[in-house]
Amino acid sequence: MKKGLVLEGGAMRGMFTAGVLDVMMREKLVFDGLIGVSAGAVFGCNYKSLQPGRTIRYNKKYCRDPRYAGIRSLLKTGDIYGEKFCYHEIPDRLDPFDTETFRNNPMEFYVVCTDVKTGKPVYHKCETGEGDDLVWMRASASMPLVSRIVEVDGYFLSDGGTADSIPLKYFQSIGYERNVVVLTQPGNFQKKPNRFLPLMQVKMKKYPEFINAVRDRHTRYNETLEYIRQEEKKGNIFVVRPPKKLEVHSVEHSSDRLENVYRLGLSTCNALIDDLKHFLSN
C-alpha cells in the first residue's frame, strides 16, 4: 500500500506546514510520494532533500529583504516573490538546496500547476530538484495578479491552487491509498468567492478558461474539504490542520509571525505524532 503526503498551499501559511514536516523528518517518517501545491511545493521539496529547519530558516532571514518579496520586487520584476533571488540566489548559494539528496531519495515528488489556457490542473513529477523542476515549482507558487505566467515544457502556467488546491483525489487516482493531508486552514474554514475576480478578468482576459477556474474555485475547494472530511471519517486518510486561523500575511515581513506559525505546526504535529505513526503502520 503506497503512502502519500499531500500538502496544501497558502503562501506564508506554509510555515505551519514547515513545522509539521520538520516533526515528521525528526521522526523519520517515510512516504512513497509527496504532492505539493504552491507553498506546499516550494517548501515541501525540503522533505525529499531531507533538510529540516531550512524552510523557516531562510524565510525568517530574508523576509525583510526587498529582493525576496514585496511591492518593490513586483514593480521591478513582475513577481511579488523575486524569481532570481528566491529560485537561484537562495537555493544555489545563500541556503543551498541539497539536489543530490533530492535526486537519490526514492520518494516521488509532484507539483501541481494551473494551465492558464485550459484552466485545468497539470501534475508534474520532479526528478532532480534543479533546472526545469525549479521552474515547475515556481509556476505552482505563482499567485495570479502578482506573478508572471510561467512558461515551461510547452505550458503556460500559474498557481496550482487555482485548479486543484488539495490534490488528494489525484494522488489516490495514481495509486496512493494511505495518505496524510496537511491543510493550512482550520477545520471550520469555508472558502468564499474571489474578491479580486473583476481585476483578474481585466488582466487575464486572454485566458477565459482560467477566469472560469478562478470564478469556480471556492466551490471546488469547499467540495474537496467535504470529501476530505468523509475520507477522514472512514479512516482512509490522516489530516493535520491548524487549530485556529493562522495570523500571517501572504507576503510576511515579520519574522516573529513566521516563527509563531511555524511553532504552531511543530506543536500540532507533536500532539498527533503517535496517532500518525499508528495510521502509517496500520
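The values are calculated or read from the model by the stated rules, or taken from the named source; none is laboratory data. The structure presented is a predicted model; accordingly, all values stated were derived computationally and were not measured. All Cβ positions, even for glycine, are placed from backbone atoms using ideal geometry, and neighbour counts span all protein chains on display. The protein model used for the area step is the full one, side chains on, heavy atoms only, and it has no ligands, DNA or RNA in it. Shrake-Rupley method; radii C 1.70, N 1.55, O 1.52, S 1.80 Å.
Once neighbouring chains are kept in place and the probe is 1.4 Å, which whole percent of the accessible area of the chain is contributed by carbon and sulfur?
50
Search the structure for amide H atoms under 5 Å from the amide H of N179, placed 1.01 Å from N in the peptide plane, and list their residues when 5 or more places away or on another chain.
Correct list: G4, F238.
Based on the inverse mean of 1/r over its pairs of different Cα atoms, what is the Kirkwood hydrodynamic radius of the stretch 238-278, in Å?
11.3
Over the C-alpha atoms of the stretch 1-90, what are the Rg and the largest Cα-to-Cα span, Dmax, in Å?
14.2, 48
Any chance you could list P(r) for the stretch 157-282, counting all Cα-Cα pairs in 10 angstrom bins from zero, rounded to whole %?
So the P(r) values, bin by bin, are 11, 33, 35, 18, 3, 0.
Suppose only helical runs count, i.e. DSSP H with n ≥ 4. What mean residue ellipticity at 222 nm does that imply for the chain under -39500 (n - 2.57) per run, divided by all residues and rounded to the nearest 500 deg cm²/dmol?
-13500 deg cm²/dmol
With N set to the number of residues, divide the alpha-carbon radius of gyration of the stretch 85-219 by 2.2 N^0.38 Å and report two decimals.
1.14
Based only on Cα atoms, what Rg/Rh ratio does the stretch 172-231 have, Rh being taken as Kirkwood's radius?
Result for the stretch 172-231 is an Rg/Rh of 1.09.
Under 29 Å from the Cα of K206, which lysines turn up, not counting those fewer than eight places away in the same chain?
Reachable lysines: K76, K84, K117, K120, K125, K191, K192.
Give the label of the value calculated from the structure for volume of the Cα convex hull per residue in Å³, choosing from [x] 126; [y] 142; [z] 117.
[z]
With every protein chain left in place, what is the accessible area per residue of the chain in square angstrom, probe 1.4 Å?
Per residue, the chain has an accessible area of 46 Å².
Give, rounded to the nearest 20 debye, the magnitude of the charge dipole that the chain has about its Cα centre when Lys and Arg contribute +1 at Cβ and Asp and Glu contribute -1 at Cβ.
860
Select from the chain the helices, each a whole stretch of DSSP H, whose alpha-carbon atoms run 20 Å or more along the helix axis and whose Kyte-Doolittle mean is at least -1.0; answer none if there are none.
255-281
Could you give the length gained on full extension between M1 and S255, defined as 0.36 nm per residue of separation minus the Cα-Cα distance, in nm?
87.4 nm
GluC sites (Glu not before Pro), restricted to the stretch 210-282: which are DSSP loop and have at most 12 other Cβ atoms within 10 Å?
Sites meeting the loop and neighbour criteria: E247.
Could you give the length gained by full extension between R93 and K245, i.e. 0.36 nm per residue of separation minus their alpha carbon distance, to one decimal place?
Between R93 and K245, full extension yields 51.3 nm more.
At 0.36 nm per residue, minus the direct Cα-Cα distance, what do K277 and T128 gain on full extension? Give it in nm, one decimal, please.
50.8 nm
Can you pull out the trypsin sites (Lys or Arg not before Pro) in the stretch 28-93 whose DSSP state is coil and whose Cβ has at most 10 other Cβ atoms within 10 Å?
Taking the stretch 28-93 and a limit of 10 other Cβ atoms within 10 Å, the loop trypsin sites (Lys or Arg not before Pro) found are K28.
As an exercise, identify the chymotrypsin sites (Phe, Trp or Tyr not before Pro) in the stretch 172-218 lying in DSSP coil whose Cβ has no more than 16 other Cβ atoms within 10 Å.
F189, F196
Counting pairs of alpha carbon atoms under 8 Å apart in space and at least six apart in sequence, what relative contact order in percent does the chain give?
28 percent.
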